[in-house]
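Derivation of every value follows stated rules applied to the coordinates shown; laboratory data play no part. On a predicted model such as this, the values are computed, not experimentally measured, just so you know. Cβ coordinates were reconstructed from backbone atoms using ideal geometry, including for glycine residues, and neighbour counts include every protein chain displayed.
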Amino acid sequence: MPAQNPRDVRSSEFPTAAPVESQLKFLVNYAIFAPSLYNTQPWSFRILDHTVDIYADRSRGLAVVDSEDRYLTISCAAAIQLFETALKAFGFDFESSLYPDLNDPDLLGRITVRSNKPDHVPDEDMLRAIVNRTTIRRGFRSQSLPSAFRDGFVTRGHPFGVHLQVIESEDAQQLLLDHLLELERIQWEDAHFRREVESWMHPMRERTRDGVPVHRGEPLGPYLWGKYSEAPADATMLVALMLEADTPRAWVEAGRTLMQKLVEASIHGVGAAIIRLMPISVLVRSALCHSAAYTGEPVLLLRFGYPLRRYITSRRTSVDFMRPPGSVN
């Protein structure tokens, strides 16, 4: 059975002798560690026999912050990627398809397990990287990033027009961060924007296991703007994720690529601040143009580093995000 608290999931508890359906339910505990705006966790899962369907739960969308469900889709795709990563870590052979039912746009992915290796030794490093992944919200430590991570960061070879671009210029980095911080502060003056964010960031969120719990009376500024805080040049790495086309299918591929990179960073003990870039401003586009090989529509900015203060948000338990086998939209 899945762990009561998903953060307590342990590979040693994997139900080796149980039916595949029970094993897949256990592995969902890894998929839900995907990132989402304000920890909204906008996904649901349906498991039947050897098949897992992953849905976008649009009831958990952000009508003001993410009016087109762009980042909701990216988050759900990241969950798909994490589920596949967990399957590989436990030695499963499987097939995946995206948007398997064109009549159901909420059904983003379907994964069908073909076989597994009973004597397979779980990839503990990969599983720990999934569980320990950190989204940086409250600033960065003055600690240099490991050369193995910097040198091994691959920006090419991603499918469906997904591009990653490291922003090398320190001037371009500072221009981007300063301008994005100013844009967020302007947005914060919008009462509708502020009310939506505040509904997901307050003390009661500790009970619901979603959103971002904030201590009573504590200002939201450190959570909202800590990702822009100053840090030595070698303590962070700024990477733009760009798409050739701004479409739902491209958002899915963006989410999968995003999750690959976040897990890759976590293996090195590195976390990342995730900064949304849509709608894009002229000044942000201009700053990105300082970097060679700029192409496509910027969607996300990733700022890799070590967290000044480690902060891991809770996750809902399986009863909250599992759909009954016969459920329909």
Does at least one position in region 169-183 carry a residue that is part of a strand (DSSP E or B), touching a residue at least 12 places away in the same chain (Cβ under 8 Å) and more than 23 Å from Ala34 (Cβ to Cβ)?
no
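Step by step: first the residues of region 141-175, then only those that are of a type in the set (A, V, I, L, M, F, W, C) and in contact with a His (Cβ under 9 Å, 6 or more places away or on another chain), then the one that is nearest to Leu220 (Cα to Cα). Which residue is that?
From region 141-175, those of a type in the set (A, V, I, L, M, F, W, C) are 145, 148-149, 153-154, 160, 162, 164, 166-167, 172, 175; that's our starting set.
Still in the running and in contact with a His (Cβ under 9 Å, 6 or more places away or on another chain): 145, 148-149, 164, 167, 172, 175.
Details: Leu145: 28, Ala148: 35, Phe149: 31, Leu164: 30, Ile167: 28, Ala172: 27, Leu175: 24 Å.
The extreme case among them is Leu175.
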In region 23-63, which residue that is hydroxyl-bearing (Ser, Thr, Tyr) and touching a strand residue (DSSP E or B) at 6+ places or on another chain (Cβ under 9 Å) is nearest to Glu264 (Cα to Cα)?
Ser36
Among (1) free of Cβ contacts under 8 Å to residues at least 40 places away in the same chain; (2) surrounded by 16 or more Cβ atoms within 10 Å (Cβ to Cβ), where does Glu189 come up short?
(2)
Suppose we keep only residues that are among the charged types (D, E, K, R) and surrounded by fewer than 13 Cβ atoms within 10 Å (Cβ to Cβ) within region 106-124. Which one would you say is farthest from Leu82 (Cα to Cα)?
Asp119
Kindly provide the set of residues from region 220-229 that are in a helix (DSSP H, G or I) and touching a residue at least 12 places away in the same chain (Cβ under 8 Å), ordered by number.
Pro222, Tyr223, Leu224, Trp225, Gly226, Lys227, Tyr228
Identify, by number, the condition in (1) closer than 26 Å to Arg70 by Cβ; (2) in a loop (DSSP other than H, G, I, E, B); (3) without any contact (Cβ under 8 Å) to a residue 24 or more places away in the chain that Gly217 doesn't meet.
(1)
Arg195, sole failed condition from (1) in a helix (DSSP H, G or I); (2) crowded, with 16+ Cβ neighbours inside 10 Å
(2)
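So is Arg110 in contact with a Pro (Cβ under 7 Å, 6 or more places away or on another chain) and part of a strand (DSSP E or B) or not?
Numbers: in contact with a Pro (Cβ under 7 Å, 6 or more places away or on another chain): yes; part of a strand (DSSP E or B): yes.
Against the criterion (in contact with a Pro (Cβ under 7 Å, 6 or more places away or on another chain) and part of a strand (DSSP E or B)), Arg110 qualifies.
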